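Input: a single structure, listed below in structure tokens.
The values are calculated or read from the model by the stated rules, or taken from the named source; none is laboratory data. This one's a predicted model, so the numbers in the text were calculated from it and none came from an experiment. As a convention, Cβ positions derive from the backbone with ideal geometry for all residues, glycine included, and neighbour counts pool all protein chains shown. Note: accessible area is taken over every heavy atom of the protein model, side chains too, but ligands, DNA and RNA are not part of it. Shrake-Rupley method; radii C 1.70, N 1.55, O 1.52, S 1.80 Å.
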Amino acid sequence: MQYNRILLKLSGESLMGEQKYGIDTRCLESYARQIHEIAEMGIQIGIVIGGGNIFRGLSGTNKGLDRVKGDSMGMLATVINSLALSSALDNEGCKNKVLTAIRMEPIGEFYSKAKAMEYLKSGHVTIISGGTGNPYFTTDTASSLRAIEIEADAMFKGTRVDGIYTADPEKDPAATKFDKITYDEIYNRGLKVMDLTATTMCKENRLPIIVFNMDQPGNLKKVILGENIGTIVY
């Protein structure tokens, strides 16, 4: 097994399941089971979750909200999702901690690298919420930043598709999947894997990204064990 510590990035939208808004508890429970499964293998797991199932800052800005306030609302949405995942992990008997990028004790402890590393090394799944704590940065960028800070071996981006394609496979039936792709090729092809800030951070810090379908139960363990079921960005 080539991974000791990982950063798992989950999108807020993926928590909706078949719903149009909010959190599908069945989806949440499935994620918690998969995370617990690899935690029991001894993998140290940091997690960053988006907030798009509740509120997305840019969409608020497009409707007239102040950008900074809209992004702050989006950061709070990530905290709600993080607490929901924490509760689901509790139900699985998986020890975990929620850290927040903005002070909001007692909801979660204030994030620092030292605190995150302490929990990771003690076997706690460590959920890092609140984005970067700053406006104008996405949770993709937050996940890249946190992965680099906690010295993760790789970032695992759990999505609703099974990897990176030449085009959106839900819109273009002729789209083909990449098993591996370089950061430069993502730039050159204009592929929407993550925003440019996040992708550049990963490239400059030589952090590989594995994009895979988290909605298929058991996939997280498979990709940890090296099965070729997603796309590796390097």
Report summary line: Result row for the chain, helices from DSSP H with C-alpha axial extent 18 Å or more and mean Kyte hydropathy at least -0.5, is 25-39, 67-91
Report summary line: A 1.4 Å probe over the protein heavy atoms gives the chain a carbon and sulfur accessible-area percentage of 50
**Report entry** Cα-Cα over 25 Å, subset of K115/K222; K69/K95; K157/K203; K9/K203
**Finding:** K115/K222; K69/K95
Requested in this report: Hey, can you grab everything whose amide H is under 5 Å from the amide H of K157? Only 5+ residues off in sequence or another chain; H modelled, so Pro and N-termini drop out.
Outcome: K9, I210, V211, F212
Report summary line: Non-local residues with an amide H under 5 Å from the amide H of T182, with H modelled 1.01 Å from N and Pro and chain starts lacking one, are Y234
Query raised in the report: What is the chain by shape, rounded, prolate or oblate, if you read a ≥ b ≥ c off the alpha carbon gyration tensor as root eigenvalues and call it rounded for a/c under 1.5, prolate for a/b larger than b/c, and oblate otherwise?
Result: rounded
Report summary line: Residue-normalised 222 nm signal for the chain, counting each DSSP H run of n ≥ 4 as -39,500 (n - 2.57), nearest 500 deg cm²/dmol, is -11500 deg cm²/dmol
Query raised in the report: Extension gain E227-T176, at 0.36 nm per residue separation less the Cα-Cα distance, in nm?
Result: 16.5 nm
Query raised in the report: By per-residue mean of other Cβ atoms within 10 Å, what is the highest-first order of 158-171, 129-142, 176-189?
Result: 129-142, 158-171, 176-189
**Report entry** Centroid-to-centroid separation of region 215-234 and region 1-49 [C-alpha atoms, Å]
**Finding:** 13
Query raised in the report: On average, how much accessible surface per residue is there in region 145-191, in Å², for a 1.4 Å probe, leaving out ligands, DNA and RNA?
Result: 52
Query - Two-site FRET efficiency, R160 against S112, from Cβ-Cβ distance with R₀ of 30 Å, rounded to 0.05 - result: 0.40
Query raised in the report: Between Q44 and residues 5 or more places away or on another chain, which pairs have amide H atoms under 5 Å apart, with H built 1.01 Å from N, and which residues are they?
Result: R5, I6
Report summary line: Scoring region 89-234 by relative contact order with C-alpha pairs under 8 Å, at least six apart, yields a percentage of 22
